[in-house]
Amino acid sequence: MRAVVQRVTSAACDIADRRTGEIGKGYMVLLCVMEGDTQKDIEYMVQKLTGLRVFEDEQGKMNLSITDVGGSMLIISQFTLAGDARKGRRPSFIASAAPDIGSKMYDEVCDIISKSGINVQKGEFGADMKISLVNDGPVTILLDSSRLF
């Protein structure tokens, strides 16, 4: 499972003329379920997203988690994070999970985080989404449950 996590002051997801999610302070997360991901990958990603300390404390150090600051998450499914562009000019996405598996695991990550008390807003799996955000910092973190980076 891969994620791009951006610390934001605001973020929103629109599909056609409908807003599916909107947050203030928190994370805008692009989440990709990879072929072969298991419950352990879900647990790893949930733990990282809820425990990551990238918000500033009173001394200006990145020392606080999203729960410490009462932040929210906008979590967007993003299969293109599995893209492999090492050969040629057209990326291959065969490393991403099949849509039925990806959708189920994406929903499970969102549900677990929501049940932990964090406000979770979502996009729509497989939809053509327009994402807007104000990156705070900017702070952008890459996560990979296989620990490739």
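The values are calculated or read from the model by the stated rules, or taken from the named source; none is laboratory data. Computed from a prediction, not measured in an experiment: that's the story for all the values here. Cβ sites come from the backbone with ideal geometry, for glycine too, and all protein chains shown count toward neighbours. Note: accessible area is taken over every heavy atom of the protein model, side chains too, but ligands, DNA and RNA are not part of it. Shrake-Rupley method; radii C 1.70, N 1.55, O 1.52, S 1.80 Å.
Looking at the structure I just gave you, is residue 55 in contact with a Phe, Trp or Tyr (Cβ under 9 Å, 6 or more places away or on another chain) and of a type in the set (Phe, Trp, Tyr)?
No; evaluated as a whole, the condition is false for this residue.
For segment 64-78, does any single residue satisfy the condition of being open to solvent by 50 Å² or more (accessible area, probe 1.4 Å), closer than 18 Å to residue 24 by Cα and touching a helix residue (DSSP H, G or I) at 6+ places or on another chain (Cβ under 7 Å)?
Yes, the conditions are met somewhere in segment 64-78.
In the set 37, 136, which member is over 25 Å from residue 22 (Cα atoms), surrounded by 13 or more Cβ atoms within 10 Å (Cβ to Cβ) and among the acidic types (Asp, Glu)?
So the residue among 37, 136 that is over 25 Å from residue 22 (Cα atoms), surrounded by 13 or more Cβ atoms within 10 Å (Cβ to Cβ) and among the acidic types (Asp, Glu) is 37.
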